[in-house]
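A short reminder: the numbers here are calculations on the coordinates, not readings from a lab. In this text the structure is predicted, and so the values were computed from the model without any measurement. We place every Cβ from the backbone using ideal geometry, glycine too, and count neighbours over all the protein chains shown.
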Amino acid sequence: MRVSIHTVTKTLSRNDIGLTGGHQAGITVPKVSRMLEFFPQLDATEFNPSVKLTGIDTADGTEFLMTYIYYNGKTLGRSTRNEYRLTGLTAFMRRHQATEGDVLWIERVRTSIYRLSLERMLMPRTELPQKILLKGTWSTIRKAAR
C-alpha cells in the first residue's frame, strides 16, 4: 500500500538561498519517486517541461507563483542538464530572511497549490511528525492519524 505524501521538508543550503554565487535558479528536487509524485507529473519527452504552481505563504497568506521544471536537455541530447528544480522562491526566502540550515516546509493543498512555511534553524523543535529521509536535505512527512 503506497502512502500519499502531503508534506515535504527541505533543509536549506547556501546554494538554495543564493549565497554561493551560482547562476542556478531555485532549489533542486531529487529524482526520487516519492518526491516526483509530490509535484505534478511532467512530460519527460518534451524539452524542459514545466508547470506553474501557486505558493501560499502560511505566515501571511500571500500567494505567489512558483515553477516546477525538469531541465532534461542531457537526456534529449540538447544540453548538459538533467535535474528537477522548484523556482520562484526568491521573494519568499528574502521576506523570511532565510538562512542556511532553516527548514522549508511545503504542504500540498491540492494539485498545483502548495502552502510554504519556514522553520528557523535556531527555533526549538516541538514533537515532529514522522520524517522519511529521501535524499540529501529533502524529507517527506507522514501525518499521524488523529
- Message: Per 0.36 nm of contour for each residue apart, how much would the distance between E46 and T99 grow if the chain were fully extended, relative to their Cα-Cα spacing?
- Response: 15.6 nm
- Message: Spelling out what I want: for every residue of the stretch 94-101, take phi, set θ = phi - 60°, compute 6.51 cos²θ - 1.76 cosθ + 1.60 (Karplus), and round to whole Hz; glycine and proline get x.
- Response: 5, 4, 9, 6, 4, 10, 3, x
- Grab the other residues whose beta carbon is less than 13 angstrom from that of L118, score K and R as +1, D and E as -1, and report the net. -2
- Item | Segment K74-V32, extension gain: residue separation times 0.36 nm, minus the distance between their alpha carbons | 13.3 nm
- Query: Restricting attention to the stretch 10-95, which chymotrypsin sites (Phe, Trp or Tyr not before Pro) occupy a DSSP loop and are surrounded by at most 16 other Cβ atoms within 10 Å?
  - Reply: F47
- Query: In straight Cα distance, which aspartates and glutamates are under 19 Å from K10, not counting same-chain residues fewer than 8 positions off?
  - Reply: E37, D57, E83, E100, D102, E107, E119, E127
- Message: Are there any trypsin sites (Lys or Arg not before Pro) in the stretch 8-84 that are in a DSSP loop and have at most 16 other Cβ atoms within 10 Å? List them by number.
- Response: R14, K31, K74, R78, R81
